[in-house]
1. Taking the Cα centre of each part, how many Å lie between region 211-236 and region 330-354?
2. Tell me the mean residue ellipticity at 222 nm calculated for the chain from its helices only (DSSP H runs of n ≥ 4, each -39500 (n - 2.57), averaged over every residue, nearest 500).
3. What is the distance in Å between the Cα centres of region 1-73 and region 83-137?
4. Taking the dipole about the Cα centre of the chain, with the C-beta of Lys and Arg at +1 and of Asp and Glu at -1, give me whichever of Val73, His201, Gln352 is farthest to the positive side.
5. Could you give the size of the charge dipole of the chain about its Cα centre, using +1 on the Cβ of each K and R and -1 on the Cβ of each D and E, expressed in debye and rounded to the nearest 20?
6. Using θ = phi - 60° and the Karplus form 6.51 cos²θ - 1.76 cosθ + 1.60, what ³J(HN,Hα) does each residue of region 298-314 get, whole Hz, x for Gly and Pro?
7. List, in order, the whole-Hz ³J(HN,Hα) value for each residue of region 226-239 obtained from phi through the Karplus relation with A = 6.51, B = -1.76, C = 1.60 and θ = phi - 60°; use x for Gly and Pro.
8. Which one is right for this structure if Rg/Rh (Cα atoms, Kirkwood Rh) is calculated from it: [x] 0.95; [y] 1.00; [z] 1.02?
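The numbers here are math on the coordinates, done by the rules we state, and not lab data. No experiment lies behind these values; they were computed from the predicted model shown. In this analysis, Cβ positions are derived from the backbone assuming ideal geometry, glycine residues included, and neighbour counts consider all displayed protein chains.
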Amino acid sequence: MLRDEDVRKALEKPAKYGADLDLSSYGFGEAEEFAEIDRDVSRRGMEVGVDLDRRKYLSTFLHVDYSTVYKSVQRQFKDDLELMTIEEALKRYDWVRGLLWKLRDPCEDKYTAFTALNAKGGYFMRILEGRKILIPIQACFLLFTQGIIQPVHNLIVAEPGSEAHILTGCTIHPRVTRGLHLGVTEIYVRKGAKLTYTMVHKWGPEFDVRSRTGILVEDGGVFVSNYVMLGELRTFQSQPSARLIGSSSRTSMNNVVYLRGRSEMDLGGEVLLEGAGSRAEIILNSVAADNAKITTRGRILGLADNVKGHLSCRGLMLSDEAEISTIPILESKKMNSELSHEAAIGKIAEDQLNYLMARGLSRDEAESLIVRGFLDVGRMGLPRPIEEGVRRTIELALKGF
């Protein structure tokens, strides 16, 4: 049970990683009236892979500032999927409250504490037992009011034997330059379920983001996380934490980042291999341009018999003013665990450039092609509509590179 007194004390607690923010410097509680899903909003949604123009034909959730302005489930999936606001779920199901704040600690830092005390919205998504949803479910979070904090809390439950792919896009309205997005997401992957969760972010050069995600995977469950961040922001910090408590459970965390301007990002992921025979892979690919600073952290902890884990951190530097740091951590508590990592940071290789230039490309064209290859999302195994949308987003971000 949450104790408000303890949570309020945590409002002064900085995060373990990343730049510290003064929460009082942002507005909270009042938002401008959101009139309609116009061309600007639809375009912003498309830039993070969410097709709001097809919201009547796709299971869709749209949250603007503090309010859910649209949610729908396709008729053919009414018996497969539940999608509602977190407030509606708490009223409908007594057991929902028992799942909240079990995978992330509300006293972890000031950002979780603020969300625990002030969350305004978020979605509850439940894929029912044995159901397989072939068409991606899309959710979009948009900041419409200048300079405010947007604290949301999401809960996802993939019941036993179910399968689904969720695409969440987070962005800002074109007129917004400053704000703070706080997103807490807790994900339960039950026995034999498979959940693919793809998140695409696009913010602005004065915007801050603090994301907190917790995942629990049971026997034979599979959780695939894909994260894509493109462009500029002020500061960003996130380290999703997954517990694989089930035997033969698996997770794959794939991250693709292209950062420019004076952006600062601290991104990572950790996996606790608690179930016998569980498997984990964390891939962190980052590109830093201009004066961008990126820190990637990965941690895999082997706690059970016959577990395997691999961690890959690769960075590509496009400027002498940019910075990339990689911090891989492997910890084993069992003699028969197999954990490995690879880490590399470098510039575009001259031999690769010369090879492409010898085939008729200019130097700029060759560099652009290499960067696009580094940011390739083909290995993520995305459904074709999502992969096409993410590739389009990458092309937009790299336009003029």
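1. A separation of 20 Å, based on Cα centres.
2. Details: 7 runs with 66 residues, N = 401.
Theoretical 222 nm ellipticity from helices: -4500 deg cm²/dmol.
3. Comparing the Cα centres of region 1-73 and region 83-137, I get a distance of 14 Å.
4. The residue sitting farthest along the positive end of the dipole is Val73.
5. Taking the Cα centre of the chain as origin, the dipole is about 800 debye.
6. Ordered by residue, 3J(HN,Hα) equals x, 9, 10, 10, x, 10, 10, 6, 6, 8, 9, x, 9, 10, 10, 10, 10 Hz.
7. 10, 10, 10, 10, 9, x, 10, 7, 8, 9, 8, 8, 7, 9
8. Matching the structure shown: [x].
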